[in-house]
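Read through the structure below, which is laid out as structure tokens, and then see the notes.
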Amino acid sequence: MEKRRIYMDYSATTPVKKEVVETMMPYLTDYFGNASSFHSFGREAKEALDKSRSQVASLINANPNEIYFTAGGTESDNWAIEGVAFAHKNKGNHIITSKIEHHGVLHPCEYLEKHHGFEVTYLDVDSEGRVDLEQLKKSIKDTTILITIMFANNEIGTIQPIKEIAEIAKEHKIIFHTDAVQAAGNINIDVKDLGVDLMSMSSHKIYGPKGIGALYIKRGTKLHTFVHGGAQERKRRAGTENIPAIVGYGKAAEMAKANMDNHIETLTKLRTKLIDGILERIPHTRVNGSLTHRLPGNVNFGFEFIEGEGILLLLDMLGIAASSGSACTSGSLDPSHVLMAIGLPHELAHGSLRLSIGDFTTEEDIDYIIDNLPRVIERLRSMSPLYETYVREQGQLNK
Ligand SMILES: *Cc1c(COP(=O)(O)O)cnc(C)c1O
């Protein structure tokens, strides 16, 4: 029998859906033209580009001319933050963000601080990972030019009060950017209703190809160009458009929108089953992140007394692909900055496990995990000096 393999890392990346691949293929061969060319080959590419832009716009209720294709979520984050900072530096040099952002946001902020004289406030979050709106208001200065707060967190799945943040930003005439890479395509988003100015998105988190994403720029928002060169993307993002990837992203966005209600319902059901099943069977376990303001597919457990790396290794041997939090921090021994920010002590921050659910996850997959994870945790705890001490102390207490 072939070894069972269960993919539970949809927050890191997703497989490309078959329909998406089929839509892309002709644009690698038959319709290979450069969208800027003045001939029929160019026109075919340009038409595909326009259609994809409409599909991505429709996913978040934007106008197509507010969608700019980029090489992914990271580029969109960098462009939004540096683009606004450089375009508004005469007005001020202060940026507000949070402590739990993706590195695609944190690192450009740190770069601006270190090399360009900007000042950045990193907001705390509560134990569920939500920013405090009162602290946000108090952090605003005359020099604040940008607020950048993520829509939904990639490690613990917490969704922020985006509309309220947008209102505060607007009141103070501050530009508001949100990294919605985990959110756009996984939950309903309406940029007009929310009132955000800039929003980062990515294709490979919603069953499209990697290396393609978009930045939503609300009409009239001023920011500098990030990639200089040709006149593509209405002179705001240079470089020959990656038409096959863009076409794939458009299709993925269209499918995500058409499937949204079912996607949310199915994933939420599987998530609840997994959380309940594990909490019932494994003592000394907590769920990290908010239970109410949460991405449908995100589960993040904290297991006391053990290390996340050990869990991943044993799960991998059982064919279960999971993550200890963020793909970017694996390989380093530092605990996740997100788990530290929600106030977890070092030991618990180290013993975390993210299982992210997606459109190809089945009930049987969840059952398999519920059946096997308890033994994995038990085995690791049986080798843990921390657990041994705990058991000994409990024994003495009960004497
Ligand atoms: C994956 C991710 C990114 C980076 O997107 P890429 O397309 O991989 O560059 C940024 N922010 C969040 C929240 C993410 O989950």
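One table, with the values for the structure above:
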item: Filter pass, residue 3 being more than 16 Å from the ligand (Cβ to nearest atom), modelled with pLDDT under 95 and under 30 Å from residue 355 (Cα atoms); result: yes
item: In segment 44-93, the residues that are assigned to a loop (DSSP other than H, G, I, E, B) and within 16 Å of the ligand (Cβ to nearest atom); result: 60, 71, 72
item: Which listed residue, of 240, 266, is β-branched (Val, Ile, Thr) and exposed (fewer than 15 other Cβ atoms within 10 Å of the Cβ); result: 240
item: Pairs with Cβ under 7 Å, 6+ apart, first in segment 300-311 and without any contact (Cβ under 8 Å) to a residue 24 or more places away in the chain, second crowded, with 23+ Cβ neighbours inside 10 Å; result: 309/324
item: Evaluation of residue 190 against (1) among the charged types (D, E, K, R); (2) closer than 24 Å to residue 9 by Cα; (3) away from the ligand (no atom under 16 Å from the Cβ) (one fails), failing number; result: (2)
item: Criterion (free of Cβ contacts under 8 Å to residues at least 24 places away in the same chain and not polar (S, T, N, Q)) met by exactly one of 253, 258; result: 258
item: Residue within segment 135-154 that is more than 15 Å from residue 95 (Cα to Cα) and more than 16 Å from the ligand (Cβ to nearest atom) present; result: no
item: Test: residue in segment 13-27 that is among the hydrophobic types (A, V, I, L, M, F, W, C), under 20 Å from the mean Cα position of the chain (by Cα) and not in a strand (DSSP E or B); result: yes
item: Yes/no for residue 162 being within 16 Å of the ligand (Cβ to nearest atom), surrounded by 15 or more Cβ atoms within 10 Å (Cβ to Cβ) and either free of Cβ contacts under 8 Å to residues at least 40 places away in the same chain or more than 15 Å from the chain's Cα centre (by Cα) (or both); result: yes
item: Residue within segment 132-140 that is at positive phi and of a type in the set (Gly, Ala, Ser) present; result: no
item: Top-ranked residue of segment 26-43 - restricted to ones that are farther than 21 Å from residue 230 by Cα and free of Cβ contacts under 8 Å to residues at least 12 places away in the same chain, ranked as surrounded by the most Cβ atoms within 10 Å (Cβ to Cβ); result: 26
item: Residue tally, condition touching a helix residue (DSSP H, G or I) at 6+ places or on another chain (Cβ under 9 Å) and not polar (S, T, N, Q), over segment 211-235; result: 15
item: Unique match (being closer than 30 Å to residue 145 by Cβ, touching an Asp or Glu at 6+ places or on another chain (Cβ under 9 Å) and modelled with pLDDT of 95 or more) among 57, 71, 35; result: 57
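The values are calculated or read from the model by the stated rules, or taken from the named source; none is laboratory data. Computed from a predicted structure; not experimentally measured. Ideal geometry is used to build each Cβ from the backbone, glycine not excepted, and the neighbour counts take in all protein chains shown.
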